[in-house]
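Asks: The structure's right below; bear with me while I get my questions together.
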Amino acid sequence: WQGGEAGEPELLAAAYRSSLERAREEGLRTLAFPAISTGVYGYPKDQATPLALRTVADYVRQHPDAFEEVRFVLFSDPDLQLYRQALAELAS
């Protein structure tokens, strides 16, 4: 994370898309993602969360038969609450 001015949103979205594409190519049916880049790399969770959910949701919509399940595996209850809020906003 370099303050958000170095293409970080595009890079983070690309990381999720690349993982999804590779999993689909390998025929994997379930995936689990951590909150990529929000730890040591310092990507702000409030920005990374909706981006991650939107990127994965868009990919799954484009490839509806690719996966049976995609999970986000989170470190803490506050992280879970952030994902729940972002998911509710995405669904509305």
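Asks: Could you give the dipole magnitude of the chain about its Cα centre, charging the beta-carbon of Lys and Arg +1 and that of Asp and Glu -1, in debye to the nearest 20? Intermediate values should be presented prior to the final figure.
Replies: Values: 9 positive and 14 negative charges, 25 e Å.
Charge dipole, the chain, about its Cα centre: 120 debye, nearest 20.
Asks: With axes computed from alpha carbons, what is the tilt in degrees of helix 77-91 against the longest principal axis of the chain, rounded to the nearest 10 within 0 to 90?
Replies: The helix 77-91 is inclined about 60 degrees to the chain.
Asks: I've got another one for you. Sort out for me the Cα centre separation of the range 41-92 from the range 21-40, rounded to whole Å.
Replies: So the separation of the two Cα centres works out to 12 Å.
Asks: Helix-only estimate, please: 222 nm mean residue ellipticity of the chain, summing -39500 (n - 2.57) across DSSP H runs of length 4 or more and dividing by its residues, to the nearest 500.
Replies: -18500 deg cm²/dmol
Asks: Oh, and also: Give me the number: length gained by fully extending Leu80 to Arg22, i.e. 0.36 nm times residue separation minus the C-alpha to C-alpha distance, one decimal in nm.
Replies: Result for the pair: 18.3 nm of gain on full extension.
Asks: Mind pulling the angle between the C-alpha long axis of helix 45-62 and the longest principal axis of the chain? Nearest 10 degrees, somewhere in 0 to 90.
Replies: 20 degrees
Asks: Starting from 0.36 nm per residue, how many nanometres of slack lie between Arg29 and Glu5 once their C-alpha separation is accounted for?
Replies: 5.1 nm
Asks: Determine, for Tyr83, Tyr43, the number of other Cβ atoms within 10 Å of each Cβ, and report the residues in order from fewest to most.
Replies: Tyr83, Tyr43
Asks: Projected onto the charge dipole of the chain (+1 at Lys/Arg Cβ, -1 at Asp/Glu Cβ, origin at the Cα centre), which of Thr38, Phe75, Leu11 gives the Cα projection farthest towards the positive end?
Replies: Among Thr38, Phe75, Leu11, the one farthest towards the positive end of the dipole of the chain is Phe75.
Asks: In addition: Amide H of Thr38: which non-local residues (sequence gap of 5 or more, or other chain) have their own amide H closer than 5 Å, using H built in the peptide plane?
Replies: Tyr43
Asks: Calculated from the structure, Cα extents along the principal axes in Å equals which of (1) 51, 34, 18; (2) 37, 26, 21; (3) 35, 27, 24?
Replies: Calculated Cα extents along the principal axes in Å: the matching label is (3).
Asks: Can you figure out the FRET efficiency of Tyr41 with Asp65, using R₀ = 41 Å and their beta-carbon distance, to the nearest 0.05?
Replies: 0.80
Asks: For a quick check: with amide H placed at 1.01 Å from N, whose amide H comes under 5 Å from Phe72's, ignoring anything fewer than 5 positions away on the same chain?
Replies: Long-range HN contacts for Phe72: Phe33.
Values in this text are rule-based calculations from the coordinates and carry no lab data. All figures in this text were calculated on a predicted structure; none of them were measured in a lab. Neighbour counts are summed over all protein chains in view; Cβ atoms, including those assigned to glycine, are modelled from backbone coordinates with ideal geometry.
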